[in-house]
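J.: My questions will all concern the structure given below.
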Amino acid sequence: MIYLELFLSFFQIGLFSFGGGYAALPLIEQELIHAQGWITNQQFIDILTLSEMTPGPIAINAATFSGNQIAGIAGGIIATIGVTLPSVIIVQILAYFYFKYQNMTIVQGGVQGLRPAVVALIASAGLTIFLTAMFGQSDWPVDIANINLVSIVFFSVAIFLMRKYKASPIQVMLITGVAGGIIYSFI
């Protein structure tokens, strides 16, 4: 039964996550933490961290890691199929109709109308990750007493390295990952 629930949950996430992997993150959070109660906020952040570090699309990686966390290897495979299948179906249908009706103004207007919604979904995911990393909670308002000073320092150093020295995100991830491993092994 868990496999069917996993498949349906991730099929739903894949069906409504327009705008790519980062746009799917709020949907994954809502479904796995709040609706189903399968994982905790901290497990979700750990899954996101692994998903970002692993090559490939973040939504697919998150589905694979989440499914694996919830129901083992078979769960990871089923969640991955569930999140990708809607895209395959939708792309096939849209490609057919887009090429058939691409010159219509209503089609062009619909595509233009989706852009702001995608930006809002990505911003929501970024804010959730930021609040959880800095304050240990994803809800608003945050409790300033729970601020994680080590995370603030790492965030500041990462922004500084990328903006001032044009360091690549890979370099920044390696530097902060090694520093975090050292610091958190002593805390």
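The values are calculated or read from the model by the stated rules, or taken from the named source; none is laboratory data. Predicted model only: the values in this text are computed from it and were never measured. When we count neighbours, we look across all protein chains shown, and the Cβ atoms used for this are built from the backbone with ideal geometry, even at glycine. Remember, those area values only see protein heavy atoms, side chains included, never the ligands or the DNA or RNA. Shrake-Rupley method; radii C 1.70, N 1.55, O 1.52, S 1.80 Å.
J.: Which one of these is closer than 18 Å to Y3 by Cα, assigned to a helix (DSSP H, G or I), open to solvent by 50 Å² or more (accessible area, probe 1.4 Å) and modelled with pLDDT of 95 or more: I81, I60?
T.: Numbers: I60 fails: modelled with pLDDT of 95 or more.
Checking each option against the conditions leaves just I81.
J.: Given the conditions (1) of a type in the set (S, T, N, Q); (2) modelled with pLDDT of 90 or more; (3) over 25 Å from Q137 (Cβ atoms), report the number of the one that Q69 does not fulfil.
T.: Checking Q69 against (1) of a type in the set (S, T, N, Q); (2) modelled with pLDDT of 90 or more; (3) over 25 Å from Q137 (Cβ atoms), the one that fails is (3).
J.: Now a separate question. Quick one: in the range 26-57, which of the residues that are open to solvent by 30 Å² or more (accessible area, probe 1.4 Å), out of contact with any Asp or Glu (no Cβ under 8 Å at 6 or more places or on another chain) and in a loop (DSSP other than H, G, I, E, B) is nearest to F7 (Cα to Cα)?
T.: Per the criteria, the residue is W38.
J.: Moving on to the next point. Would you mind stating whether Q69 is surrounded by fewer than 11 Cβ atoms within 10 Å (Cβ to Cβ) and assigned to a helix (DSSP H, G or I)? It would help to see each step written out before you state the result.
T.: Details: surrounded by fewer than 11 Cβ atoms within 10 Å (Cβ to Cβ): no; assigned to a helix (DSSP H, G or I): yes.
Spelling it out, it is not the case that Q69 is surrounded by fewer than 11 Cβ atoms within 10 Å (Cβ to Cβ) and assigned to a helix (DSSP H, G or I).
J.: Moving on to the next point. From the list L161, L114, L149, which one is over 19 Å from L48 (Cβ atoms) and open to solvent by less than 40 Å² (accessible area, probe 1.4 Å)?
T.: Numbers: L114 fails: open to solvent by less than 40 Å² (accessible area, probe 1.4 Å); L149 fails: open to solvent by less than 40 Å² (accessible area, probe 1.4 Å).
Just one listed residue meets the conditions, L161.
J.: Give me the pairs, please: first residue somewhere in the range 129-144 and without any contact (Cβ under 8 Å) to a residue 12 or more places away in the chain and within 20 Å of A62 (Cβ to Cβ), second residue anywhere and surrounded by 17 or more Cβ atoms within 10 Å (Cβ to Cβ) and of a type in the set (S, T, N, Q), beta-carbon distance under 9 Å, and either six or more positions apart or on two chains.
T.: Matching pairs, first to second residue: L131/S138.
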